[in-house]
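Take a look at the structure set out below.
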Amino acid sequence: MPIPKAYSIRVLNKKPNYNISEHKLLIGEQHNVSLIVNILQGLRESTVQGTPVDYVKIYTDCWDDEPVNRPTINQVVTRLNAIISTRIISEVLPIENYEQRSDDTSSSGPSYLRPSSRITRYFNFFGIEINENKEKAFELFVNASKQNHILAHIYVGKCYQNGDGVARDDRLAFEYFDKTTDEGFAAGQLQIGYFYSNGIGVKKDLKKAIHWYEKAANNGNINAIYNLGICYKNGKGVDINYNKSFELFKQSAVGEYLASNLGSPIAQYNLGLMYKNGDGVVKNMDKAIELFKKSADGNYLDGIYMLGYCYDNGVGTSINKLRAFQLYQKAANLENGKAQYNLGLKYEYGDGVSRNMNEAIYWYKKASKTGDILANYNLGICYKNGIGVEKDYNRAIKFFQKSADGNHVDGIYMLGNCHQRGIGTNVDRQKAFKLYLTASDLGSSEAQYNLGLVYNNGDGIEKNMERAVYWYEKAAKNDNTKAIYRLGLCYLNGDGIGKNANKAFEYFAKSADENDSSGMCMVGYCYYEGIGTCINKQKAFELYQKAANLGNIKAQYNLGLMYINGDGTVKNMNKGFELIQRSVDEDYIDGICMLGYCYDEGIGTNINKQKAFELYQRAANLGSHIAKYNLGLMYENGDGIAKDTDQAIRWYLESAEQGWKLALDKLDVLLK
């Protein structure tokens, strides 16, 4: 067997921080002759545990039996430079995207560096001083590449990939990265895998992507290890395997694979997510927080944001609003959209900071520029309702559109609502219907409820109470209290479903339990009338009172009637009049008619026929059949107004057309 070149025994003297071999084999234990004999017989220095794979590979390659397979000294130096530069390279190498949950997302990308600093960092490694002349940089890289400098291949490829100093050309980028793979260069293998994974400069091929990621991972590249973890997490080119994904994230996060001895902050972040969510590992919030802290210390924006989120919500740690604010601020200043959005929330609601809508709008707009869908939605709400800004329906719908374009379910729903009601756009019920359907499929209970209303009212579509009930039931299963209340009405009246007083009472009670004033009012009505339960005027009074205090105008009206009639409470005409007056202020038709009756008969106030007439007229114009009948009486009898039989007949006819029997009886007399 040929004697290895002398440099192979001490080839790694340039390597920083690591002792790849155990010196005791060479010192004090064997004399030179016996050592040489043993080397010839295959003796090799043993590797220190934890030595990075790239270093070990250089060492073992130097001992290859075939001289032609051993690297030259120049190749060794090049490979050592490549290893030492791994951290720099890793900053420009591709990272697969992680499919994150809604509370974990950030609109910031994974890169550590801004594009403007990329070229400078390339050249700092080579000791070349430049003033951001990208064209000159590209020229120098190409010249180095022609001399078969392995790192130059990578950087020429990156220039073509990013359009730095040359027109972007993904195919040429792929070709330059491919030049490094024959040398077993992990960074090039990683790039090739990424290009195959995403169909960049080459036909998409997930199997080939996995192949190259595995080769790069076997060469110790933590970005490749991380990307494999993502592939196993998302089932990209392989079957989903959370356990495998977890182990790969853990491996890339530990930090034993780089010359810098630093783990990947991105992998630490995603490993933290897996501990937080219990994906592929037992849920462990302490471990999650530890990893988020490491990721944040590595200046990874999502890691900084997530640590702030944990402090903000007490996830795996005590709530610390100040610390959360500081971390959000840090990430927001580095253009992390989710952190910017959360700062906006804090300023809007005064959470851990003084409420300041100007600051809230400022941060929402910053987050919106990063494409944050929640910020776009909130800006839409602010412009729609005039919160912190002047009301502007046109701007509102634009922000809802942006949110919807990002597949945000509430944004899609609100966009539909705008089209249905003509907010910032022309009324388009068909478009609204389609958007409600889309949002419903994504789980929006509001959209499901509104679809029920559309079918209930025949709004832009043929009325269909069976379909209305279907959508009310879907929304009710998602705990939508308005839908639960509507189901109660359907069971009460037998609309779209069999009439069932017990079911009606049950649904009204459910909505009342959720503090829904309409539900409370209807439970009161059920107790008053004995619908689905026994008559209990006292309970009816209590529920009407509770709903009235929440501003329910129907409850205020019914409570007023109970005071006037002394039902379930002591009779109090003045209190009754006051409550009826409140319902009139909200334009409640029955309340307007009843207030007219109070002035007509002097209930809780002085008799005032003129006011009575005006209120009856107002209620009649809004469609009240009772008000129309009462107007007929006033005209027939000349009560507070000049007697006019023709006008009396007119109002009796209108009331009778709405099915009011007393009006029919009057017509029988007057038309004989």
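Brief remarks follow.
- Theoretical FRET efficiency, 1/(1+(r/R0)^6), r = Cβ-Cβ of residue 242 and residue 578, R0 56 Å, to 0.05: 0.30
- Extension gain, residue 147 to residue 457, is 103.9 nm, computed as 0.36 nm per intervening residue step minus the present C-alpha separation.
- Modelled this way, with points 7 Å down the Cα-to-C-beta line, the labels at residue 319 and residue 64 are 6.3 nm from one another.
- A crude spin-label estimate for the pair residue 622 and residue 587, with each label 7 Å from Cα along the Cβ direction, gives 0.8 nm.
- Relative frequency of Cα-Cα separations exceeding 17 Å in the stretch 268-395, percent: 58 percent
- Dipole magnitude of the stretch 609-672, debye to nearest 20 (Cβ charges: Lys/Arg +1, Asp/Glu -1, about Cα centre): 140 debye
- Here 643, 338, 366 are placed in order of increasing Cβ neighbour count within 10 Å, fewest first, which gives 643, 366, 338.
- For the stretch 185-308, averaging the sequence separation of C-alpha pairs within contact (under 8 Å, six or more residues apart) and dividing by the residue count gives a relative contact order of 15 percent.
- In terms of surrounding Cβ atoms within a 10 Å radius of their Cβ, 249, 433 rank from fewest to most as 433, 249.
- Cα shape, the stretch 535-602, gyration tensor, a/c 1.5 rule: oblate
- A straight chain from residue 441 to residue 499 at 0.36 nm per residue would run longer than the Cα-Cα distance by 18.0 nm.
- Relative contact order of the stretch 609-672, pairs being alpha-carbon contacts under 8 Å that are 6 or more residues apart, as %: 26 percent
- Residue 426 paired with residue 479, simple spin-label distance in nm, labels 7 Å along Cα-to-beta-carbon: 4.1 nm
- Exposure proxy for 514, 66, 247: other Cβ atoms within 10 Å of each Cβ, ordered fewest to most, give 66, 514, 247.
- The overall shape of the stretch 609-672 is oblate: from the C-alpha gyration tensor, with semi-axes ordered a ≥ b ≥ c, the ratio a/c is 1.5 or greater and a/b is no larger than b/c.
- Qualifying GluC sites (Glu not before Pro) in the stretch 579-672, where qualification requires a DSSP coil assignment and no more than 15 other C-beta atoms within 10 Å, comprise 586.
- As a rough guide to protection, the peptides 159-166, 468-475 ranked by mean Cβ packing within 10 Å, highest first, stand as 468-475, 159-166.
- Estimated FRET transfer efficiency when R0 is 51 angstrom, pair residue 387-residue 650 (beta carbons, to 0.05): 0.60
- Cα gyration tensor shape of the stretch 360-451, rounded if a/c is under 1.5, else prolate or oblate by comparing a/b with b/c: oblate
- Centre-to-centre, using Cα atoms only, the stretch 477-528 and the stretch 279-347 are separated by 42 Å.
- Projected area, mean over directions - the stretch 131-235, Cα convex hull, nm²: 6.7 nm²
Every number here is computed from the coordinates shown, using simple stated rules; none is lab data. Just so it is clear, the structure is predicted and the values come from calculations on it, not from any experiment. Glycine gets a Cβ as well: all are built from the backbone with ideal geometry, and neighbour counts include every protein chain shown.
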